[in-house]
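The values are calculated or read from the model by the stated rules, or taken from the named source; none is laboratory data. Every value quoted in this text rests on a predicted model; they were computed, and no experiment measured them. We place every Cβ from the backbone using ideal geometry, glycine too, and count neighbours over all the protein chains shown. We work out accessible area using only protein heavy atoms, side chains counted, and drop any ligands, DNA or RNA first. Shrake-Rupley method; radii C 1.70, N 1.55, O 1.52, S 1.80 Å.
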Amino acid sequence: MMTELNLIWAEDLNGWIGKNNTIPWHVSADMKHFRKQTMGHPIIMGRKTFASLGNKPLPKRKNIVITSQKINIPDVIVIHSLDELKKYLMEYPAEYFVIGGATIYQQLLPLATKLTRTVINADIAGDTKMPTIDYDRWHLVDENEHVEEGQVICRFEKWHLNVEKD
């Protein structure tokens, strides 16, 4: 088995993913989608994202926190550098989900093989945007909308890296 790195996030129509270190909306369909996609898979996040989860690991997933701080978090694997993470991923192949934040997405985007994006059908000003992604390098493999009361609430997309373009 080889390691797959899947970036998963939700963004509004203008690419905002966060505000004040939180998700600036509550869309239950997106939360259910996130849970379904990541359950049983190891997840990778930065320290601030971990803090935004209440400093508790998400259940039924191996939680990996990347931080330069020398900290120990019970029931969490703490990794201190990108090189250390690469070694870990080679040693423990699996499909990993990268869940944030923006700096971690930026650092791991070059290693990603899949993208799982939710587009929230709203314009919600934030303070953190998803790093720019060159979608010419990716192939859309699945897309569907979540509709409530006749209105599109969000759109779920799955993208795979174009192998021939690398």
How many residues, within region 118-144, are charged (D, E, K, R), in contact with a strand residue (DSSP E or B) (Cβ under 8 Å, 6 or more places away or on another chain) and at pLDDT below 95?
0
Any residue in region 105-125 that is closer than 21 Å to L82 by Cβ and open to solvent by 70 Å² or more (accessible area, probe 1.4 Å) sitting within a Cβ distance under 6 Å of a residue that is at pLDDT 95 or above and part of a loop (DSSP other than H, G, I, E, B)? List the pairs, counting only those 6 or more apart or interchain.
Q106/P131
Just to be sure before I move on: is G46 open to solvent by less than 20 Å² (accessible area, probe 1.4 Å), touching a Gly at 6+ places or on another chain (Cβ under 9 Å) and either free of Cβ contacts under 8 Å to residues at least 60 places away in the same chain or not hydroxyl-bearing (S, T, Y) (or both) in the structure I sent?
yes
Residue within region 68-81 that is buried (at least 17 other Cβ atoms within 10 Å of the Cβ) and touching a Gly at 6+ places or on another chain (Cβ under 9 Å) present
no
Per the list (1) assigned to a helix (DSSP H, G or I); (2) open to solvent by 90 Å² or more (accessible area, probe 1.4 Å); (3) of a type in the set (K, R), residue check on K56 breaks on (1)
